[in-house]
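Visitor: Handing you a structure now.
The values are calculated or read from the model by the stated rules, or taken from the named source; none is laboratory data. Here the structure is a predicted model, which means the values were calculated and not measured. Counting neighbours? That spans all protein chains shown, and the Cβs are built from the backbone with ideal geometry, glycine included.
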Amino acid sequence: MADSATHLSFPAVFRVRQRFPRPRVADIEQTVCSELDRIGSGERIAAGQSVAVTAGSRGIANIPQILRSVVRYVRRHGGQPFLVPAMGSHGGGTVAGQMQVLEKLGITEAACECPIRASMDTEIVATAPQGFPIHFDRHARQADHVIVCGRIKPHTDFSGAVESGLMKMLLIGLGKHTGATVYHRAIFDHDFDEIVRAVAREVVASCHILCGLAILENAYDETAQIEAVPPDAFESREPQLLATARSWMPRLPFARSHVLLIDRMGKDISGTGFDTNVVDRKQSEVGGRRASHSYIAVRSLTAATAGNATGIGLAELCRTRVLEQMDMGKTRMNVITAGHLTGAKLPLDYRTDREMLEVALSVIGLTPPGEARLMWIQDTLHLVELECSEAYHREALERDDLEILSEPRPLPLGEDGNLPDDWWGEHETGR
């Protein structure tokens, strides 16, 4: 039984489809090459020079193809490209773990047509104005050029003109575990924006950065824009790209809920397992204010996260299998490096979805459980289609950005008390 809460009625749910802006890159390789040509990247590569290309740990649409296109471009201009894993403590902070992360994202030597040089070793390349050392991946440091590939998106913890993107990749990604630890500590004493800008300036001045390749996605988990950025323009251009990325990102159709049910979370979905910008759980902003979603309940981890459950502490409830899928060592290393220990705190866990939902619905205040505001999503990357409880039905009928795909019907709980894991099927959200 689910503690003292039993036999509660569940709200009926209906499926809704959201309409978002949908810009798309038609030809990945052609766009990559034309962008790199636009800023004269090829002209700066001399025959035989080595070029390190960053490969991060985030799930990015078409990333093997994007990296392969960069590799081919470098070769056509006489360079010798190789990939470097650009991630802080992900993969447990080990070479084998980071190679495994890349493989799960489809980033392999075969797929990208070049070698991968992985190491946790760094070199100190400068000292930040605030007095701490600046670390840089050893292999990238030894290269003649570095191309920084990364997705521009809102950060899951911090807000500012610069969040997740090329400049952060120069710090956390290429700083590896050692550098990431230093920078996250510095953020306790200095503003995030201040640290990012200060370190990025030193790295650009010291580390042969050829260019950046900024990747933006639309709400359908598709490549929406690819833009090459000269290193001296990172600081001025990235805020503009961030504003565009924010305008295209997926969002929930309703601002508040009693229960937000999430099928899966993981590092391939977001740095915090689920995007805090979507669920309104940014640790740096929530403070004592009332959260938009009273309870978050998580059903599983993704396979690609390889047990890293960072962010699980932001949820109140989860299926017991989430804890069984969790690699405690990887998770703890990640949250310790990031300086956000609450990200590894364990929610209340239950064997079945029925038990988990009964508990959540028993503590929503005066609203009867059958009338609860509940949204059920696959993950925070895929929000085009989702299930909403009947409490939202009237408002949904009046919205021209929403298409109702079904009438309200009972939650599809099986005899085992669980919701189906393949509920989205061929209508998987975002596809």
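Visitor: For the structure I just gave you, tell me whether ARG237 is surrounded by fewer than 22 Cβ atoms within 10 Å (Cβ to Cβ), in the same structural domain as ASP137 (by TED's automatic domain parsing), among the basic types (Lys, Arg) and closer than 28 Å to ILE269 by Cβ.
Guide: Yes, satisfied.
Visitor: Sticking with this one: Taking segment 105-153 on its own, how many of its residues are among the polar types (S, T, N, Q) and either outside any loop (DSSP other than H, G, I, E, B) or not assigned by TED's automatic domain parsing to the domain that holds VAL203 (or both)?
Guide: 3
Visitor: Please work out which residue is surrounded by the most Cβ atoms within 10 Å (Cβ to Cβ), limiting yourself to segment 312-344 and to residues that are at pLDDT below 95 and assigned to a loop (DSSP other than H, G, I, E, B).
Guide: Filtering segment 312-344 for residues that are at pLDDT below 95 and assigned to a loop (DSSP other than H, G, I, E, B), the one surrounded by the most Cβ atoms within 10 Å (Cβ to Cβ) comes out as HIS340.
Visitor: Among the residues of segment 128-150, how many are over 24 Å from the mean Cα position of the chain (by Cα) and touching a residue at least 12 places away in the same chain (Cβ under 8 Å)?
Guide: 13
Visitor: How many of the residues making up segment 56-107 are surrounded by 20 or more Cβ atoms within 10 Å (Cβ to Cβ), under 22 Å from GLY339 (Cα atoms), out of contact with any Pro (no Cβ under 7 Å at 6 or more places or on another chain) and not basic (Lys, Arg)?
Guide: So the count comes out to 13.
Visitor: Check segment 291-308 and report whether any residue there is assigned to a helix (DSSP H, G or I), assigned by TED's automatic domain parsing to the domain that holds PRO410 and under 16 Å from the mean Cα position of the chain (by Cα).
Guide: no
Visitor: Additional query: Considering segment 360-373 alone, what residues qualify as being crowded, with 23+ Cβ neighbours inside 10 Å and closer than 14 Å to GLU316 by Cβ?
Guide: ALA360, LEU361
Visitor: Working only within segment 38-75, note down all residues that are among the β-branched types (Val, Ile, Thr) and under 27 Å from GLY266 (Cβ atoms).
Guide: Hits for segment 38-75 are VAL53, THR54, ILE60, ILE63, ILE66, VAL70, VAL71.
Visitor: Cβ-Cβ below 9 Å, separation at least six or inter-chain, first residue in segment 392-404 and more than 16 Å from SER257 (Cβ to Cβ), second polar (S, T, N, Q) and surrounded by 10 or more Cβ atoms within 10 Å (Cβ to Cβ): which pairs?
Guide: ASP401/GLN18; GLU403/GLN18
Visitor: Additional query: Within segment 207-222, restricting attention to residues that are surrounded by fewer than 23 Cβ atoms within 10 Å (Cβ to Cβ) and closer than 9 Å to ALA61 by Cα, which residue is modelled with the lowest pLDDT?
Guide: ASP221
Visitor: Right, another one. Counting only residues that are closer than 30 Å to PRO412 by Cα and at pLDDT 95 or above, give me the strands (runs of 3 or more DSSP E) lying completely in segment 1-90 with at least 3 of them.
Guide: 13-18
Visitor: Give the number of residues within segment 352-387 that are at negative phi and in a loop (DSSP other than H, G, I, E, B).
Guide: Qualifying residue count for the region: 14.
Visitor: Among the candidates PRO368, PRO410, PRO420, PRO347, single out the residue that is within 29 Å of the chain's Cα centre (by Cα) and farther than 21 Å from GLY311 by Cβ.
Guide: Within the list PRO368, PRO410, PRO420, PRO347, the selection yields PRO420.
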